[in-house]
1. Pull up segment 378-428, narrow it to residues that are in a helix (DSSP H, G or I) and in contact with an Asp or Glu (Cβ under 7 Å, 6 or more places away or on another chain), then point me to the one that is nearest to Leu313 (Cα to Cα).
2. Would a scan of segment 337-345 turn up a residue that is open to solvent by less than 10 Å² (accessible area, probe 1.4 Å), farther than 24 Å from Glu206 by Cβ and either assigned to a helix (DSSP H, G or I) or of a type in the set (Phe, Trp, Tyr) (or both)?
3. Can you name the residue in segment 32-46 that is open to solvent by less than 50 Å² (accessible area, probe 1.4 Å) and in contact (Cβ under 8 Å) with a residue 60 or more places away in the chain and is also nearest to Leu313 (Cα to Cα) among such residues?
4. Going through segment 103-126 one residue at a time, which ones are assigned to a loop (DSSP other than H, G, I, E, B) and under 20 Å from Ala282 (Cβ atoms)?
5. Which one is modelled with the lowest pLDDT among residues in segment 12-31 that are surrounded by fewer than 11 Cβ atoms within 10 Å (Cβ to Cβ) and not aliphatic (A, V, I, L, M)?
6. Taking the conditions exactly as written (modelled with pLDDT of 95 or more, over 18 Å from the mean Cα position of the chain (by Cα) and open to solvent by less than 20 Å² (accessible area, probe 1.4 Å)), does Ile65 satisfy them or not?
7. Which residue, of Gly156, Gly142, is at pLDDT below 80 and either assigned to a strand (DSSP E or B) or under 24 Å from Gly210 (Cα atoms) (or both)?
8. Could we say that Asp56 is open to solvent by less than 30 Å² (accessible area, probe 1.4 Å), over 17 Å from Phe245 (Cα atoms) and acidic (Asp, Glu) here?
Amino acid sequence: MVLALSDELFQRAQQVIPGGVNSPVRAFKSVGGTPVFFVSGMGPYLTDVDGNHYIDYVASWGPMINGFSYEPVVHAVREQSIRATSFGAPTVQEIELAELVAQRMPAIDKIRMVNSGTEATMSAIRLARGYTGRDKIVKFEGCFHGHGDSLLVKAGSGVMTLGLPDSPGVPADLAKHTLTLPFNNTEMVQALFEQLGQEIAAVIVEPIAGNMGCIPPVDGFLESLRKSTTEHGSLLIFDEVMTGFRVAAGGAQELYEIRPDLTTLGKVIGGGLPVGAFGGKAEIMDCLAPVGPIYQSGTLSGNPLAMSAGLALLRSLDNNFYQVLEHTTNQIVDGLKDEARSAGIGLHINAVCGMFSLFFTTQSNVLNYDQAASCDSELYRKFFHAMLERGVYFAPSPYESAFVSGSHTKLETDETVRQAGEAFRSVA
């Protein structure tokens, strides 16, 4: 496989873009080599600038749940672009999308559209702090909620240890209000609330972690968050930027039957265009300006192109769609496990409808950040490049989820498993 033009473009990009990329994971730092520059996509396939074709499992990091160039989305965007690409004023589409989201997610009475997942989580945290009159928030190791200052924080050595900035530019005085706990650890959640419950504004969590690889919640974990926050007057925020409308028609909160106070969304609700949103109980959401005193704004929020794309995509996703998507996901996962076992490769796979992650390890399970970090990242690097050479595109990081779309058929899944078998044997 030749990546000559991609290599040339990457060298050129580094002259005018920091690191040559506009988001760090694209730089291939975790796997090495040259980032692939793409020019087109159709269904489950991508084509790069050098003319190479790939079966794709990145899906633009999740939103392409019905594949690339999905005709209803393309049509909706084309029709809207003829009328206007933006108004900075109210449109019918933003009402219709808000109504559709609220219909599918009973935890959402009202919703505010924004332009990215980061903006959604930043705004939800500001709203939670303003609503409760408290400063502290709780997050979990390995869960990524965008690059807002309050969230770029690493864990201390215990539940009483205040957070420290995980990036230059984040003030220590702000980071100290963020407390970090291990994901899937119910006991530590309860201990923290016993000590500091009256100071905690909110707990924010990916109900299914996706940024340390796909890690589902263990039984009782999400329930413990709902119980502790309710008892202490804190808010529970589900970050469903990744899982919203990907794992079920009503997101992870439908799958696990937990109603958060606030939900952040993105990816799928924009049909592949940049978008985000946050919503929840009316009494909380009505604290936002212009109704209430908590300020949040965005000049181009509710952009008609993104709203039109999101409407077209969401309307195509019914319960039958998710049954098929789960079946396809299971087919791929089962095939990959069999091929790894045959090659003598230690591999554990976590999967939830439409997303999965490969952990190169002999551990029987991967439930948190420490376990994910202990997996063989060098073996993932080798596997990634072996699959890339064979025309299958996985995420260029061992700590990201793979995504399956409704456009993947048995043809693509069988080919993926066959190529994975060759890749496993080549790196064993």
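1. Applying the filter and picking the extreme gives Val417.
2. Yes, that holds for at least one residue.
3. Per the criteria, the residue is Gly43.
4. Within segment 103-126, Met105, Pro106, Ala107, Ile108, Asp109 meet the criteria.
5. Ser23
6. Criteria not met by Ile65.
7. Gly156
8. yes
The values are calculated or read from the model by the stated rules, or taken from the named source; none is laboratory data. Everything numeric in this text was worked out from a predicted model, so none of it was measured. Note that we place each Cβ from the backbone using ideal geometry, even for glycine, and neighbour counts take in every protein chain shown. Calculation scope for accessible area: heavy atoms of the full protein, side chains included, ligands and nucleic acids excluded. Shrake-Rupley method; radii C 1.70, N 1.55, O 1.52, S 1.80 Å.
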